[in-house]
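The numbers here are math on the coordinates, done by the rules we state, and not lab data. Computed from a predicted model, the values in this text were never measured in an experiment. Cβ placement follows ideal geometry from the backbone for every residue including glycine, while neighbour counts extend to all protein chains displayed.
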Amino acid sequence: MNLEDVFIPVNVRDELNIENISNDSWINAVEIYDRTFPSLSGKKIALIGLIGNKSDYDCHEVRNQLYALMKKEYAMMVADLGNFYLDLNDPKIFEKLGYILSEIQSMGIIPLVIGSNSPFVYSQYLAFEYLTKYVTYCCINSKIDLFFNEDQEAVSDNYLSKILLREPSYLFHLIHLGVQSFLTDQMAFKMMEKFYFDVMRLGRIRESFDDIEPFIRNADFISFSLSSVRQADAMASYDSSAAGFTVEEAVKIARFAGISDNLQSFSIYGYRNEIDNNHQTAKLIAQMIWYFTDGVAHRFNEVKIGDEINFVKYIAADVAGSQPITFYKSRKTNRWWMEIPLADPHHAGKEIIPCSYKDYEMASKGEIPDRYWLAFKKSI
């Protein structure tokens, strides 16, 4: 596939006031598909804008805010591929986008997708299916986007339903962060519980924000809905609520995502340029992209978990109702992982998943951490 043929060039440089832009700004370093298609050699991130019509301005305003930001060495890791026309009249459009994303991922490059609505998230999932990779998906949204018929069965009319009901399935695990109970159908909570998926409500995150880091570290791809940010901080978003993440929390989530060695695809959606007074929400998205890139620049390459040189091994021996639980702490980053024995007799062995120091503390006191219990039950 020739990527140049599927993307639409963007005109950013001519609209920025270059005279007022610092030499250290992104616009002076990033490769943009404006006249010629950017080289992907040595790039770590491919920025993609999704547009519903060829005069769509949403992604353009985000670029205007992004390319005025500083630290151009980060921009050198990024190739802006321009826009992709998400033609919803084409019945195969999500499959086409999924294939494009899979091509980019196969080069070792992370697609960073900006869109106005959520349906394209299905394409993020399909990219892994085309690569025949089982995937852990982290959905950051103020509600669980599932709808049910009169028989209380999930109906396949949106991105999340399509991912969950897809056969054969390449979805290994689903993590849902930032959920607000008063916005979510209770049947959705029951369905998540039935499949041992992780759900972390906004209120629980508020108690200890950094507890979400291991969930994000476990994800292969993430979609971030601006509806999960409180309305005061992201007024130009769809389905915004008075409650939600702050700007500071949103950019911290983006950095958690970027620094994760597992993450291979990231998206931000829900932006409405036409109501964005003072470009406040475009600035938020730009800052999230900046912090995501900062995270990618500082990855630790901790992929071989448990080797004695880089990790300290701890064993919680007296855990009620469980065999001893083995933990690993990175000597470099102080991050934690734990072993999950595989209960399926056809798949003997163990799985190692990200966790927190709190999980180790709980196990040391003889209690089974929720994260361990859900992962173990899922392996049965």
Can you match Cα extents along the principal axes in Å to one of these, (1) 64, 48, 41; (2) 65, 55, 42; (3) 73, 55, 41, based on a calculation from the structure here?
(2)
Ordered by residue, what ³J(HN,Hα) values in Hz, to whole numbers, does the range 176-184 give under the Karplus form 6.51 cos²θ - 1.76 cosθ + 1.60, where θ = phi - 60° and Gly and Pro are x?
10, 10, x, 5, 10, 4, 6, 9, 10
Of HIS298, HIS176, HIS60, which is the most mobile in a GNM of the chain whose springs link Cα atoms less than 10 angstrom apart?
HIS298
The chain: relative contact order in percent, alpha carbon pairs under 8 Å with at least 6 residues between:
13
From phi via Karplus (6.51, -1.76, 1.60), per-residue ³J(HN,Hα) for the range 266-277 in Hz, x at Gly/Pro:
9, 9, 10, 9, x, 8, 10, 4, 5, 10, 8, 5
Setting aside same-chain residues fewer than 8 positions from LYS72, which aspartates and glutamates have a Cα under 15 Å from its Cα?
ASP24, GLU31, ASP80, ASP294
So for the range 124-215, using the alpha carbon gyration tensor with a ≥ b ≥ c as root eigenvalues (a/c under 1.5 gives rounded; past that, a/b versus b/c decides prolate or oblate), I'd call it oblate
Note down the relative contact order for the range 146-256 as a percent, whole number, built from C-alpha pairs under 8 angstrom at least six residues apart.
18
Over the range 311-378, what relative contact order in percent results from Cα pairs under 8 Å that are six or more residues apart?
30
For the chain, give me the percentage of DSSP beta bridges that are antiparallel, rounded to the nearest 5 percent.
30
Theoretical ellipticity at 222 nm over the chain - DSSP helices of four or more residues, -39500 (n - 2.57) apiece, nearest 500:
-8500 deg cm²/dmol
Once label points are set 7 Å from the Cα along Cα→Cβ at both MET187 and ASP90, what is their separation, rounded to one decimal in nm?
3.4
When the chain is treated as a Gaussian network with springs between alpha carbons less than 10 Å apart, the largest mean-square fluctuation among VAL247, VAL303, VAL199 is found at VAL303
Report the charge-dipole magnitude of the chain in Debye, nearest 20, computed about the Cα centre from +1 at each Lys and Arg Cβ and -1 at each Asp and Glu Cβ.
920
Specify whether the C-alpha gyration tensor of the range 311-378 places it in the rounded, prolate or oblate class, a ≥ b ≥ c being the square roots of the eigenvalues: rounded for a/c under 1.5, otherwise prolate if a/b is larger than b/c and oblate if not.
oblate
